[in-house]
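Structure record follows, encoded as structure tokens.
The values are calculated or read from the model by the stated rules, or taken from the named source; none is laboratory data. For clarity, every value in this text was computed on a predicted model and none was experimentally measured. So basically every Cβ, Gly included, is an ideal-geometry build from the backbone, and we count neighbours across all protein chains shown. The protein model used for the area step is the full one, side chains on, heavy atoms only, and it has no ligands, DNA or RNA in it. Shrake-Rupley method; radii C 1.70, N 1.55, O 1.52, S 1.80 Å.
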Amino acid sequence: MKLIKVLFIAAGLTLTANAANAQQKIGHVNSDDIFASMSEVKTVTSTIDNLTKTKQAEIEKLITEYQTRLKAAQDKEKTLSEANKEAVTKELMAAQTELQTLGKKIEDARGQAAKEVSAKQTELFTPVQQKIQNAISAVAKERNLSYVFDTSSAQGANNLLYTDGSEDITPAVKTKLGATATATKPAAKTK
């Protein structure tokens, strides 16, 4: 008798769990498409591009200075004769030290520029990414979705195995963000 009660309770729990799982709704979103359609992204990208160009121009100026000094040292070396050997040698050694210092300055400028561009990207893109995440969460809650998978190619290994029957909330998220509509490719169905 106890065994039958245990079996009925186990069967009841299994059926309840299955019914609860069957009611969970799943949706998908293409965050790449949303990201590309936002005007803020275009502004941020333009700002990052301008910063990169500015830093590159600064580095190119240092490189030009390096090349000018190197050529001057090479030209000075050509004037080396027995009469002025000692004076020219000292000048060449000083020029070599200057060139090494300038070379290090160029490398430091490159490293600093990379850090500054990376920091600016983080500073400007993080709020946009958070805004997108908040909109995805809001739309998912509005539609009572339990899970939302991202079908974007930025995910590397696509984390969605099968989309048939799931709800694509990309257009709703774009609408919530006020982003421009762009043509989207449907997610590939796999088994």
Those aspartates and glutamates that a straight Cα-Cα span of less than 17 Å connects to LYS104, excepting residues fewer than 8 apart in one chain: GLU58, GLU60, GLU65
Hz values of 3J(HN,Hα) by residue in region 126-138 - Karplus curve (6.51, -1.76, 1.60), Gly and Pro given as x: 4, x, 5, 4, 5, 4, 5, 4, 5, 5, 4, 4, 5
Cross-link partners of LYS141 among aspartates and glutamates (Cα-Cα below 19 Å; sequence separation of 8 or more within a chain): ASP150, GLU167, ASP168
Projected label distance in nm at TYR147 and GLN56, using a 7 Å step from Cα toward the beta-carbon: 4.3
Separation in nanometres of the label points that stand 7 Å from Cα toward Cβ, at SER137 and PHE125: 2.1
Built amide H within the under 5 Å cut-off of PHE149, gap 5+: GLY27, HIS28, VAL29
Virtual spin-label span in nm between ARG110 and ARG69, 7 Å along Cα→Cβ: 1.7
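Got a sec? What order do LYS55, LYS115 fall in by accessible area at 1.4 Å, biggest, i.e. largest, first?
LYS115, LYS55
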